[in-house]
1. Using +1 at the C-beta of Lys and Arg and -1 at the C-beta of Asp and Glu, which of F109, L81, I14 has the Cα lying farthest in the positive direction of the dipole of the chain?
2. Cut-off under 30 Å on the C-alpha distance; same-chain residues fewer than 8 positions from K111 excluded. Which lysines are left, in chain and number order?
3. Pairs of alpha-carbon atoms within less than 8 angstrom and 6+ residues apart define the contacts here; what relative contact order does the chain have, in percent?
4. Excluding ligands, DNA and RNA, what is the solvent-accessible area per residue of the chain at a probe of 1.4 Å, expressed in Å²?
5. For the chain, what is the charge dipole size about the Cα centre, in debye to the nearest 20, if Lys and Arg each add +1 at the Cβ and Asp and Glu each add -1 at the Cβ?
6. Whenever you get a sec, compute what percent of the accessible area on region 57-119 sits on carbon and sulfur atoms (1.4 Å probe).
7. Using a 7 Å offset from the Cα along the Cα-to-Cβ direction at both W62 and H3, what is the distance between the two label points in nm, to one decimal?
8. Taking the mean number of other Cβ atoms within 10 Å as a proxy for protection, how do you rank 84-91, 13-20 from highest to lowest?
Amino acid sequence: MIHAHVTAWFIALILFFVALSLNKKGKTKGVKVIQMILRVLYLLIIATGVGLLLSVYKIDVWYILKAVVGIWLIGLFEMILSRVINKRRTSTFWIQFIVAWILVLYLGFVKLPMSILHP
Ligand code: HEM
């Protein structure tokens with residue numbers, strides 16, 4: 001489950017930047033397709049995240065925080081991409097994006113016990 005979770009957000013991250021670069025090149029059709037794939041990946045990220053939560057014996061505040069930041073990050077993926085497509089300002093969202101990534105990586109890899117790094 002943890003591998004599926006990490007794989008899902010990793011692919012989403014790559015596709016997100018692919019979509020941004022296609023958008024810059026004016027390839028709107030490609031961007032739309034990737035946006036659709038991304039939305040499926042968001043669901044997979046949430047589903048695997050919930051799956052991981054269900055495997056936890058006692059869900060403490062760090063797990064709640066991890067889930068909240070994860071969902072916040074998915075919201076930011078979606079917001080940034082759609083605002084970039086519509087040529088609207090994204091600076092405040094990019095700041096949130098960086099903060100949320102630092103938090104999610106800290107919580108996921110450092111604070112919480114399950115890991116792909118030390119199986
Ligand atoms: C883009 C969104 C997300 C990212 C980037 C992300 C990232 C991560 C990372 C880096 C880990 C640790 C993997 C490891 O140690 O090998 C992790 C684990 C986990 N994630 Fe997510 N996550 C996201 C969304 C979510 C969501 C939405 C939920 C819950 C609904 C969730 C729940 C969990 C749980 C329960 C774990 C296991 C924590 C542990 O015990 O170590 N994640 N995630």
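1. Comparing the listed Cα positions along the dipole, L81 ranks first.
2. Those lysines meeting the cut-off are K58, K66.
3. Taking the mean separation of contacting Cα pairs over the length of the chain, I get 28 percent.
4. On the way: 7510 Å² over 119 residues.
Per-residue accessible area for the chain comes out at 63 Å².
5. On the way: 13 positive and 2 negative charges, 140 e Å.
Once rounded to the nearest 20, the dipole reads 680 debye.
6. 72 percent
7. With each label placed 7 Å out from Cα toward Cβ, I get 2.4 nm.
8. Put in order of decreasing packing, that is 13-20, 84-91.
The values are calculated or read from the model by the stated rules, or taken from the named source; none is laboratory data. On a predicted model such as this, the values are computed, not experimentally measured, just so you know. Note that each Cβ is placed from the backbone with ideal geometry, even for glycine, and that neighbours are counted across all protein chains shown. Surface areas here come from the heavy atoms of the whole protein model, side chains and all, with no ligands, DNA or RNA. Shrake-Rupley method; radii C 1.70, N 1.55, O 1.52, S 1.80 Å.
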